[in-house]
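Heads up, the thing below is written out as structure tokens.
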Amino acid sequence: MTDSEVYFTLLRVSAAQTLRSAGITAAKPSVVDAFTDLLARYLTLLGTTTRNFAESGGRTQAELIDARMAMEHVGLLRPINIFNDPGDDDTEAVDALVEWFRGPQAADLRRVAGHAEKEGQVGKSDEWLGATKKLSEKRNTTA
Amino acid sequence: MSLWNGDTIKDVSESVGVVNLNEDVAKNLAMDVEYRIHQVLQEALKFMHHARRTTLGTQDISNALRVLDVEPLYGYESARPLRFGEASLGQAQPIFYVEDDEVDFEKLINAPLPKVPRDVTFTGHWLAIEGVQPAIPQNPTPSEAARLSETTPKGASCNTTLSIASTLNPTTNETVTIKPLVKHVLSKELQLYFERISTSITDESTSDAIRNAALASLRKDPGLHQLLPYFVQFISEKTTHGLRSLFTLTQMMSLTHALLENDSFFIEPYVSSLIPPILTCLIGKHLGSSSSSDPHSQTPAHYALRDLSASLLKLVCKRFGDSSHTLKPRLTRTCLKHFLDPAKPLPTHYGSIIGLAAIGGREAVRVLILPNTNLYEKVIRPEIEDEGARKSEAEMCLSALVGVIKQLEEEEGEGGRRGEEGKGKMASRRSCRAPVPKRSKRSLSESWENWSVRKCGSSGERRWLKRLLKLGG
């Protein structure tokens, strides 16, 4: 159970960053926990839906198409037009998502997270990610 | 009756906005609430049992809600304990609330990240090597070990065996100093075994069959290694105190032999403790009392003991000579020293001669004994010609010399037979380094001829003796 505690604590940091970038400065810890729980369940939902789509396609490894279909299923990609021809190349939803990533909200999120816009600088999250990777490697190799 | 209170329902309805609630309605609602809680708890308990746990957790409740198609409750995943604060309404009825102070996000974001817990691993380490616990971090320190082993008997068991060993020695009144350096716990079985074996071996009145049975048991039985140090100490003690009794010494040598024969013993650390008794029985000055041997027999009994010790020495050198660098040189030096010392009694010389042959075989004889033969002749010649009290002893020494040189000749003769005869002779001639002067050799050969006639009785022996002396020239 200690593993899941660690993951929850790490995810709580991301949740707090998200809330902070939206403008909220303080909250009750139970609220933050509830939000973190929501975030965790949402990510799990995306993952399980992707896996379901992959298995429906007779594959055990998920592909990008599975991820996209899952996002549509969940409602992340809008607008979706279910009456489209399959051959029709309608990328409006994906374009919207990409636009959002390039947009100001995502930029603010990155700023709060300490992720610098310039590629040369290494942000706080990158440093920590590298350190966590090293730690997990050490953990797995010291046997 | 229902556990869920109607008052609680009323409180909840008031918080929602329904002020007037009928009693019956509240009661019915309470029963329904209780039923739902029971349902959720049952499912959660099923999850708990299937996970082989006895503690009901929030994960179980979440899974139960999922199974019952109920909207999940968010925010109970974290392991932070819920702290309940108390507040009184003024009617001496406390109301509990969840303590939940607002926290700043900056603090939350910039807080130090949690430590990644280590994975479950396991390694091996030495608990004890040959009875000694190494001082590595995984082993408890001596103070901790002392605390842990308060229940086991401390030195009592090894004290009893040592005291038993001391009671077996009625002639000497020495007190055996009991110094338990290692806390040694021997089972009663092993203590009994040690006692029985030691008494049966050293007791002259027990029959041969029993003694042989005891030795056979020592030779074959596995699982006796705990008694090994006690046996070794027993041997050295008996040897030092029992020099008068040939029987004791012989028995100790047989005991040593049995210990060496046993496959399950790791006897290498005890070899250095076993060597002194063996050497004592080999080159001791005066083994056994003067009345112990039959005065009419040709060869007194202590020579048999020395032969036995020499063969034991040979066994030890064969097995442990390679693993220990100093064993053979030390033994050789001791034997040689005793051999070359004319002040030592003749039986010591006998012992050292056969000892040297046993330790080093052919090479030792060739290098150490042969060059000293003419010197030695000066020692034994007067004894033999004197017809004195020590004549028999000198004769024994001479026969020992003959015996070892015979051993040399046998091996050299083989080498000569294998190759061409001339080459063999040349090789053996070259190998004899110190040429013995002819005059002394002739005198030696004369006395040796006498002896060979008396001892060997065949002309063939005489011929090869002569040939050998020619080879040495």
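The values are calculated or read from the model by the stated rules, or taken from the named source; none is laboratory data. Bear in mind that the values here come from a model prediction, so they are computed numbers and not experimental data. All Cβ positions, glycine included, derive from the backbone under ideal geometry; neighbour counts span all protein chains shown.
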- [ ] Report yes if some residue within the stretch B:22-30 is within 22 Å of B:Pro72 (Cα to Cα) and part of a helix (DSSP H, G or I); otherwise report no.
- [x] yes
- [ ] Test each condition in (1) touching an Asp or Glu at 6+ places or on another chain (Cβ under 8 Å); (2) without any contact (Cβ under 8 Å) to a residue 12 or more places away in the chain; (3) not in a strand (DSSP E or B) for B:Ala64 and report the one that comes out false.
- [x] (2)
Task: Cβ-Cβ under 6 Å pairs, at least 6 apart or on other chains, the stretch B:90-117 side within 7 Å of chain A (Cβ to nearest Cβ) and surrounded by 10 or more Cβ atoms within 10 Å (Cβ to Cβ), far side modelled with pLDDT under 80 and not in a loop (DSSP other than H, G, I, E, B) - done: B:Val116/A:Leu135; B:Pro117/A:Thr2
Task: Selection from the stretch B:200-219 of residues that are among the basic types (Lys, Arg) and under 24 Å from B:His184 (Cα atoms) - done: B:Arg219
Task: Qualifying residues in the stretch B:273-295 (those that are at pLDDT 85 or above and among the hydroxyl-bearing types (Ser, Thr, Tyr)) - the one nearest to B:Lys337 (Cα to Cα) - done: B:Thr280
Task: Residue check for A:Leu39: more than 17 Å from B:Glu106 (Cβ to Cβ), modelled with pLDDT under 85 and within 14 Å of chain B (Cβ to nearest Cβ) - done: no
Open item on the list: Give me the residue from the stretch B:122-131 that is out of contact with any His (no Cβ under 9 Å at 6 or more places or on another chain) and outside any strand (DSSP E or B) and, out of that set, farthest from A:Asn140 (Cα to Cα).
Closed with: B:Glu130
- [ ] Could you list all residues from the stretch B:214-229 that are surrounded by fewer than 14 Cβ atoms within 10 Å (Cβ to Cβ) and closer than 18 Å to B:Thr250 by Cα?
- [x] B:Ala216
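Give me a count of the residues in the stretch B:315-361 that are among the basic types (Lys, Arg) and closer than 18 Å to B:Pro269 by Cα.
Qualifying residue count, the stretch B:315-361: 4.
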Open item on the list: On the basis of being exposed (fewer than 12 other Cβ atoms within 10 Å of the Cβ) and under 14 Å from the mean Cα position of the chain (by Cα), does A:Thr44 make the cut?
Closed with: yes
Open item on the list: Given the condition within 14 Å of chain A (Cβ to nearest Cβ) and aromatic (Phe, Trp, Tyr), answer yes or no: does some residue in the stretch B:34-41 qualify?
Closed with: no
TODO: For the stretch B:60-115, name all the residues that are hydroxyl-bearing (Ser, Thr, Tyr) and within 29 Å of A:Thr44 (Cα to Cα).
DONE: B:Ser62, B:Tyr74, B:Tyr76, B:Ser78
Task: Hits in the stretch B:342-374 - residues which are more than 25 Å from B:Val316 (Cα to Cα) and free of Cβ contacts under 8 Å to residues at least 24 places away in the same chain - done: B:Ala343
Task: Residue satisfying condition, being among the small types (Gly, Ala, Ser), free of Cβ contacts under 8 Å to residues at least 24 places away in the same chain and within 14 Å of chain B (Cβ to nearest Cβ), within set A:Gly58, A:Gly47, A:Gly75, A:Gly23 - done: A:Gly23
Open item on the list: I'm trying to understand the selection: among the residues of the stretch A:6-30, which are in contact with a helix residue (DSSP H, G or I) (Cβ under 9 Å, 6 or more places away or on another chain) and of a type in the set (A, V, I, L, M)?
Closed with: A:Leu10, A:Leu11, A:Val13, A:Ala15, A:Ala16, A:Leu19, A:Ala22, A:Ile24, A:Ala26, A:Ala27
Open item on the list: For the stretch B:98-145, give me each residue that is farther than 16 Å from A:Lys28 by Cβ and among the charged types (D, E, K, R).
Closed with: B:Lys115, B:Arg118, B:Asp119, B:Glu130, B:Glu144
Open item on the list: Condition first: touching a helix residue (DSSP H, G or I) at 6+ places or on another chain (Cβ under 7 Å) and farther than 22 Å from B:Leu73 by Cα. Now tell me which residues in the stretch A:39-56 satisfy that.
Closed with: A:Thr50, A:Phe53, A:Ala54
Open item on the list: Take the residues in the stretch A:107-143 that are part of a helix (DSSP H, G or I) and among the acidic types (Asp, Glu); name whichever of them is modelled with the lowest pLDDT.
Closed with: A:Asp126
TODO: Give just the number: which of (1) over 16 Å from the mean Cα position of the chain (by Cα); (2) within 9 Å of another protein chain (Cβ to nearest Cβ) does A:Phe8 not satisfy?
DONE: (1)
Open item on the list: So, in the stretch B:127-151, exactly how many residues are under 22 Å from the mean Cα position of the chain (by Cα), at pLDDT 75 or above and loosely packed, with under 10 Cβ neighbours inside 10 Å?
Closed with: 5
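Against the definition (in the same structural domain as B:Met48 (by the TED database) and part of a loop (DSSP other than H, G, I, E, B)), how does B:Asp119 come out, yes or no?
No.
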